[in-house]
Amino acid sequence: MLIALLVALGLAVLAYAVALTRAAIAQRARPDLEALGLGAVVNFFDTLGIGSFAPTAAWFKFRKMVPDRLIPPTMVAGLTPPVMVESIIFLILLGVFVDPVLLFGCAIATMLGGLVGAPLVARARVWIVQAVVAIGLVLAAIAYAMTNLHLFPGGGTATGLPISLTLVSIVASFGFGILANFGVGNYAPTLVMLSLMGMDPRLCFPIMAAGGSLMGAGASLRHVAIGQIDLRIVLGLAIGGIPAVLVAAFVVKSMPLEILRWLVFVVVLYAAAIMFRAALVGRRDRKAVAATAEVAIS
């Protein structure tokens, strides 16, 4: 099954690379320089376990790089190529130690959830997207704090799970795939869930990365087709992120991250507050417009 997963991942890489290249040529899009730097930084630390969705969403919001509505699909499409490289590395190094049914099932379920979620975020109202992104940022901040305070479940030594827990994990992975389209990363919830079930935390990485990359490829293909992304930012994140993943995985491998997590914790919480406020204002304005329209009709 590991070989089948690697083949599926290879086909996904090829399909997404072709679609993204065609879209970039058609729109004559060039990589955004700021996104190049951002992609390098967030994907470097993502490979070391920090995560990339929350800091990327926070930076997008602070710098107003893309409209709020486009933050989730632009993130997914841009961060997917580096995550694909991560997943290949983790699968080769650690995938052979993971129960193949759990690994394959969770990865495919996350991908299917991504396919289902892509059109949902495209059709969702702006304030709903803002609210979901804000919730995702808060959850990410909680995860950073719990990691630094050593409150995350320590996990066990298991390489697989009983059939009942495997099925629960697969169903949950489908939900994580849907939420990823709204900017809620699948790494933290997957790690917590599997660790609570007794999995070796190290062996969660190939599951998380494989699911994230297949989900990202499937969802990104739909986002590129729908067209509600900023291709300049997507190209920047992708091109800047891939070499950073290789450096982190094979050169740096590990470094002290506790202070960085606290810094990201503060930044992400502040971005969540701003996004929540934007969602509340957007919902209030929409209600006001609807009320005005009803008065006009009557």
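Just a few scattered comments:
- Taking all protein chains together and rolling a 1.4 Å probe, Arg283 ends up with roughly 100 Å² accessible.
- Tensor-based shape of region 1-114 (alpha-carbon gyration tensor, a/c under 1.5 rounded, otherwise prolate or oblate): prolate
- Amide hydrogen neighbours beyond the local backbone of Arg125, cut-off 5 Å, H modeled: none
- Taking a ≥ b ≥ c as the square roots of the Cα gyration tensor eigenvalues, region 200-246 comes out oblate, since a/c reaches at least 1.5 and a/b does not exceed b/c.
- Its Cα centre serving as origin, the chain has a Cβ charge dipole (Lys and Arg +1, Asp and Glu -1) of approximately 840 debye.
- Among the trypsin sites (Lys or Arg not before Pro) found in region 226-270, those both in a DSSP coil and sparsely packed, with 14 or fewer other Cβ atoms within 10 Å of their Cβ, are Lys253.
- Charge-dipole axis of the chain as Lys and Arg at +1 and Asp and Glu at -1 on Cβ define it, positive-most pick from Leu269, Ala248, Ala23: Ala23
- The angle between the Cα long axis of helix 53-63 and the longest principal axis of the Cα atoms of the chain comes to about 30 degrees, rounded to the nearest 10.
- Distance from the C-alpha centroid of region 123-152 to that of region 211-279: 14 Å, rounded to the whole angstrom.
- The long axis of helix 187-196 is offset from the longest Cα principal axis of the chain by roughly 50 degrees.
- Distance between the 7 Å Cα→Cβ label points at Thr157 and Ala145: 3.4 nm.
- Label-to-label distance for Val266 and Arg286 is 3.4 nm, based on points extended 7 Å past Cα in the beta-carbon direction.
- Label positions at Leu196 and Val171, each projected 7 Å from the Cα along the C-beta direction, are separated by 1.4 nm.
- Cα-centred dipole magnitude for region 1-148, charges only on beta-carbon of K, R (+1) and D, E (-1), debye, nearest 20: 620
- Helix-only [θ]222 nm of the chain, DSSP H runs n ≥ 4, -39500 (n - 2.57) each, per residue, nearest 500: -27500 deg cm²/dmol
- Over the chain, all Cα pairs binned in 10 Å intervals from 0 give whole-percent P(r) values of 7, 29, 37, 20, 6, 2, 0, listed from short to long.
- Look at the alpha carbon pairs under 8 Å that are at least 6 residues apart: their mean separation over the length of the chain gives a relative contact order of 37 percent.
- For the pair region 44-103 and region 171-209, the centres of their Cα atoms are 12 angstrom apart.
- On a per residue basis, the chain carries 46 Å² of accessible surface, using protein heavy atoms and a 1.4 Å probe.
- Principal-axis tilt of helix 126-148 within the chain, Cα atoms, nearest 10 degrees: 40
- Nearest-0.05 FRET efficiency for Phe97 and Phe62, computed from C-beta distance (R0 41 Å): 0.55
- Relative intensity of region 41-105 on a log10 scale, I(q)/I(0) at q = 0.17 Å⁻¹, equals -0.69, per a Debye sum over C-alpha point scatterers of equal strength in the absence of solvent.
- Fraction of accessible area attributable to carbon and sulfur, the chain (%, probe 1.4 Å): 72
The values are calculated or read from the model by the stated rules, or taken from the named source; none is laboratory data. All values reported here derive from a predicted model rather than from experimental measurement. Virtual Cβ from ideal backbone geometry, glycine too; neighbours counted across all protein chains shown. All accessible areas refer to the heavy atoms of the entire protein, side chains included, with ligands and DNA or RNA removed. Shrake-Rupley method; radii C 1.70, N 1.55, O 1.52, S 1.80 Å.
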